[in-house]
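Comments concern the structure below.
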Amino acid sequence: MIFNQPFPCYTYSPKIFRFTFYAGLVVFMILVLFRPYGFDEANTGLLLRNAALYGLVTFLLASANAVIIPKVFPRLFKEENWTVGNEIIMMLWQIISIAFGNLLLTHFLYGKDISMNNIFAFLGITAAVGIFPVGLVILLKQQILLKKYSTEATELEKQIVGASHTEKESAPSTFIHFVGDNQNEQLTVPLEDIRFISSADNYIKLHFVKNASLVAEVMRSTLKKIAASVENHPELFRCHRTYIVNLNYVDHVSGNAQGYKLHLKDVAEPIPVSRSLNSDLASRVKKFSV
């Protein structure tokens, strides 16, 4: 079902304010150019002022929702759980909150009563104007991103799998020594046995093959420290804020609207790639292909 399909989740970025500014600007332009809901009765100066105020309300509320709500409900805003349905619900909340903001502004500007009838009227107007284009944009965006990342993932898989197989056949055994923050916390593992490293707060979990089985060892450290300690091994790539993967053991690359997923040999769970690191991953793969 389309509503259960993965979708890029909200993450805080200054770019948020660019999009919310455009949303406010669109509202301003619609009111000035088309003059709906009695705006054609106002003189030019008053029309521009009031249209700017409605645009400002849209900008402020959309920005507040995009920044504050993910911080208040962090568990709901996890990339791995975010779907088209979640995105539509978030957009509906944007529409509802902006409708209330418009009603309050209309009360201030024109003395319109804040009654249940007017609340429902403003919700209806705002939803009628916004729900169709918002839903359409979300669905189109999901399909465009799905096609984009699926196609790119297929090509990337050819490069990674082919290059990593060459590396595994030619590279001699290399041992990597990990040192944790706790006293006497040390671990030495052959590079060819490492599959990935994950993090949780101030701990990292090293996932590697031992006696033909995938095992995990926990150490007190940060992924940032571990990434710095293995930077001389290009096959160990930090593909996400919580993952480092051994590119030598990527068997498959899949793609959905959220980006790439790396499927490793001996590992059941796919490893996500941060969209901001897509180009870094492609560049790292080129080193294997030389």
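Would you mention how many residues in the range 260-281 are among the small types (Gly, Ala, Ser) and touching a strand residue (DSSP E or B) at 6+ places or on another chain (Cβ under 7 Å)?
Selection size over the range 260-281: 1.
Taking the residues in the range 49-59 that are more than 12 Å from Leu104 (Cβ to Cβ) and not hydroxyl-bearing (Ser, Thr, Tyr) as candidates, determine which candidate is surrounded by the fewest Cβ atoms within 10 Å (Cβ to Cβ).
Arg49
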Seminar exercise, completed: Over the range 210-238, the set of residues buried (at least 20 other Cβ atoms within 10 Å of the Cβ) and small (Gly, Ala, Ser) is Ser221
Problem set entry | Which numbered condition Ala128 fails, given (1) at pLDDT below 80; (2) surrounded by fewer than 16 Cβ atoms within 10 Å (Cβ to Cβ); (3) more than 20 Å from Phe34 (Cβ to Cβ); (4) within 30 Å of the chain's Cα centre (by Cα) | (3)
Problem set entry | Any hit, the range 79-91, residues being hydrophobic (A, V, I, L, M, F, W, C), under 16 Å from the mean Cα position of the chain (by Cα) and not in a helix (DSSP H, G or I) | yes
Problem set entry | Neighbours by Cβ (under 9 Å, 6+ apart or cross-chain): first from the range 7-35, closer than 10 Å to Ala62 by Cβ; second modelled with pLDDT under 80 | Ile16/Tyr10
Exercise. Any idea which of (1) closer than 30 Å to Tyr260 by Cα; (2) at pLDDT 85 or above is the one Leu61 doesn't satisfy?
Worked result: (1)
Exercise. Do you know which residues across the range 244-277 are crowded, with 17+ Cβ neighbours inside 10 Å and not hydrophobic (A, V, I, L, M, F, W, C)?
Worked result: Asn246, Asn248, Tyr249, Gly255, Asn256, Gln258, Gly259, Tyr260, Lys261, Pro272, Ser274
For this session: Considering only residues that are aliphatic (A, V, I, L, M) and modelled with pLDDT under 90, look in the range 180-231 and name the one that is nearest to Ala268 (Cα to Cα).
Result: Ala212
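The values are calculated or read from the model by the stated rules, or taken from the named source; none is laboratory data. Just so you know, these numbers come straight off a predicted model, no measurement behind them. Here the Cβ is made from the backbone with ideal geometry for all residues, glycine too, and neighbour counts use every protein chain on show.
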